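Chemist: Dropping the structure in here first, questions after.
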Amino acid sequence: MRTISIINLKGGVGKTVTSINMAYELMHNHDCRVLLIDCDKQGNTSKFMKCHDYDKKSLSDVLLGTAGIMEVSVRTKFALIDVVPANMSLLKADRQVLLDTTKPQQSRVREALEQVRDQYTYCVIDCAPDINISVINALVASDDVIIPVTIDKFAFDGIREILEQIRDVKKYYNPKLEFIGCLVTQYKKSELCDEGIKLLEDFCGRVLETKISWTQVVSRSTFAGEPISVHSPRCGAAGGYKNLAAEYERRIGR
Ligand SMILES: Nc1ncnc2c1ncn2[C@@H]1O[C@H](COP(=O)(O)OP(=O)(O)OP(=O)(O)O)[C@@H](O)[C@H]1O
Ligand SMILES: [Mg+2]
């Protein structure tokens, strides 16, 4: 199983849309099983997959050690995608993890994923716009990281902190962690945007070739609860996410 975290401190940059569509394209490319982990108390991935439910177990239980991944994960309408849901209980779980110093705090998700390592080809983690203990758990459990970025005046806010966090996790907990690159989302062709991408390249060193175009279809696909390439196969963002999955697989040598 290869695990990838989709992360940015900024909100609204397309982390959730990228996680869902990447999970779908990776699954679709190879008919392989994918585990999609919602690591955000907002629970947007869980809502999209229709498994947001306060009565069921969630990522909080995994962090607290009260359930394993197999008990928590739920089947979705996409036969090969299972989801580990999240909800607002993650806020309390994060605090409880930090108070409990009797067990390692950063590697709980990694340890839990060991149980299902042979069952999935990929695990995609949709992170919160935050660096909290559950997001650090995601990084410690991951092989790879992608940072979705929208090119605007505030695009670089927080990227330095995330890159620092990736470096620290790599140094202290997870030497195999690889920064695959920044992914430009909600791209609109303009000189200004292309200038911004060049600045981003200088700033963070790695920007993926694939860009995801801005299109209203994306928002519609979230209302429909469908990946973009199911909802509107010919739209630019559908091609974008197919290319992203292919570029990612090239980068990891698959
Ligand atoms: N390529 C795109 N074109 C147009 N709209 C997009 C695109 N990608 C994402 N959006 C829209 O932008 C909004 C934010 O997307 P998303 O929820 O994926 O961001 P996020 O980074 O996960 O946000 P948060 O930090 O709150 O979790 C959504 O309304 C989504 O429909
Ligand atoms: Mg999100």
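The values are calculated or read from the model by the stated rules, or taken from the named source; none is laboratory data. Since the model is a prediction, treat every value here as computed from it, not as a measurement. All Cβ positions, glycine included, derive from the backbone under ideal geometry; neighbour counts span all protein chains shown. All accessible areas refer to the heavy atoms of the entire protein, side chains included, with ligands and DNA or RNA removed. Shrake-Rupley method; radii C 1.70, N 1.55, O 1.52, S 1.80 Å.
A quick yes/no check of all residues on (1) open to solvent by less than 60 Å² (accessible area, probe 1.4 Å); (2) under 30 Å from residue 65 (Cβ atoms):
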position	(1), (2)
153	no, no
165	yes, yes
183	yes, no
187	yes, no
191	no, no
202	no, no
221	yes, no
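Chemist: Counting just the residues of region 1-16 that are near ligand 2 (Cβ under 8 Å from one of its atoms) and outside any loop (DSSP other than H, G, I, E, B), which one comes out surrounded by the most Cβ atoms within 10 Å (Cβ to Cβ)?
Modeler: Once the filter is applied, the top-ranked residue is 15.
Chemist: With under 22 Å from residue 10 (Cβ atoms), in contact (Cβ under 8 Å) with a residue 24 or more places away in the chain, in contact with a helix residue (DSSP H, G or I) (Cβ under 8 Å, 6 or more places away or on another chain) and among the hydroxyl-bearing types (Ser, Thr, Tyr) as the only criterion, which of 215, 185 stands out?
Modeler: Just one listed residue meets the conditions, 185.
Chemist: I need the full set of residues from region 239-254 which are touching a residue at least 24 places away in the same chain (Cβ under 8 Å) and part of a helix (DSSP H, G or I), in order please.
Modeler: Answer for region 239-254, where residues must be touching a residue at least 24 places away in the same chain (Cβ under 8 Å) and part of a helix (DSSP H, G or I): 240, 241, 242, 243, 244, 245, 246, 247, 248, 249, 251.
Chemist: I want to confirm something. Restricting to region 51-96 and keeping residues that are touching a Pro at 6+ places or on another chain (Cβ under 9 Å) and among the basic types (Lys, Arg), which single residue is least open to solvent (accessible area, probe 1.4 Å)? I'd like the intermediate steps shown before the answer.
Modeler: Applying the first criterion (touching a Pro at 6+ places or on another chain (Cβ under 9 Å)) to region 51-96 yields 51-53, 56-59, 72-74, 78.
When the remaining residues are screened for being among the basic types (Lys, Arg), the result is 56-57.
Values: 56: 124, 57: 89 Å².
Selected residue: 57.
Chemist: Inspect region 23-42 for any residue being surrounded by 23 or more Cβ atoms within 10 Å (Cβ to Cβ), closer than 18 Å to residue 219 by Cα, polar (S, T, N, Q) and near ligand 2 (Cβ under 10 Å from one of its atoms) and give the result as yes or no.
Modeler: Among the residues of region 23-42, not one is surrounded by 23 or more Cβ atoms within 10 Å (Cβ to Cβ), closer than 18 Å to residue 219 by Cα, polar (S, T, N, Q) and near ligand 2 (Cβ under 10 Å from one of its atoms), which makes the answer no.
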